[in-house]
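Have a look at the structure below before the remarks.
The values are calculated or read from the model by the stated rules, or taken from the named source; none is laboratory data. Computed from a predicted structure; not experimentally measured. Here Cβ is always computed from backbone atoms with ideal geometry, including for glycine, and neighbour counts include all displayed protein chains.
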């Protein structure tokens, strides 16, 4: 398995770890796929071309792309920008596992899974999922499962800043029909903590604080 990236975390021929620990983290161990955490803007077109064109196999019949971008509002509340933070090593390991699981679970040929960290302005890409498959259903299903599972389980946190304040936002609800394990209803909150999901919540019971996330 190799981990490399331009100016990023990697093991060189000398066997020493690069010093720039906050730069791009790229893993190409997933059967030629791409799993990456980066501080730089995501090169959407180049990555799609890499998976769809540069590495295209004759058996491909579908390519499904999810390009998650920063919108300008949440429920009508104007958004200024987002800040993403992560437990990088764990997040990359879990993303790597999701990519491999998607290939095995849905029978797709190739997967790209890339997430950006740091401050993102409106219109910028925060997460990219690309899936190549012989059939469209597998590509759609794998792409949906990858983004929903990433948002639900991977230790990446989003702070949304508005003109009148900021909140640490939780992931969107996971569709029960795509979950590996059935959803367990919440049993209540105590001291600002969701007793089932294990999320530390703010005073309004909605916005988890930074640095704490329930993991499966």
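Of all the residues that make up region 79-96, how many are in contact (Cβ under 8 Å) with a residue 24 or more places away in the chain, surrounded by fewer than 16 Cβ atoms within 10 Å (Cβ to Cβ) and farther than 17 Å from residue 169 by Cα? Working first, answer last.
Taking region 79-96 as the starting set, the residues that turn out to be in contact (Cβ under 8 Å) with a residue 24 or more places away in the chain are 79-88, 90-92, 94-96.
Among the residues that remain, those that are also surrounded by fewer than 16 Cβ atoms within 10 Å (Cβ to Cβ) are: 80-81, 90.
Among the residues that remain, those that are also farther than 17 Å from residue 169 by Cα are: 90.
Looking only at that region, the number is 1.
Residue count for region 102-133 satisfying the condition of being within 26 Å of residue 61 (Cα to Cα) and surrounded by fewer than 17 Cβ atoms within 10 Å (Cβ to Cβ): 3.
Residue 76 passes every criterion in (1) in contact (Cβ under 8 Å) with a residue 12 or more places away in the chain; (2) under 19 Å from residue 169 (Cα atoms) apart from (1).
Determine whether region 115-134 contains at least one residue that is over 30 Å from residue 74 (Cβ atoms) and out of contact with any strand residue (DSSP E or B) (no Cβ under 6 Å at 6 or more places or on another chain). Within region 115-134 (the criterion being over 30 Å from residue 74 (Cβ atoms) and out of contact with any strand residue (DSSP E or B) (no Cβ under 6 Å at 6 or more places or on another chain)), the answer is yes, since at least one residue qualifies. Here 72, 45, 67 are screened, and the one residue that is surrounded by fewer than 16 Cβ atoms within 10 Å (Cβ to Cβ) and in contact with a helix residue (DSSP H, G or I) (Cβ under 8 Å, 6 or more places away or on another chain) is 67. Comparison of 99, 40 shows that the only residue that is in contact with a strand residue (DSSP E or B) (Cβ under 8 Å, 6 or more places away or on another chain), modelled with pLDDT of 90 or more, surrounded by 14 or more Cβ atoms within 10 Å (Cβ to Cβ) and in a loop (DSSP other than H, G, I, E, B) is 40.
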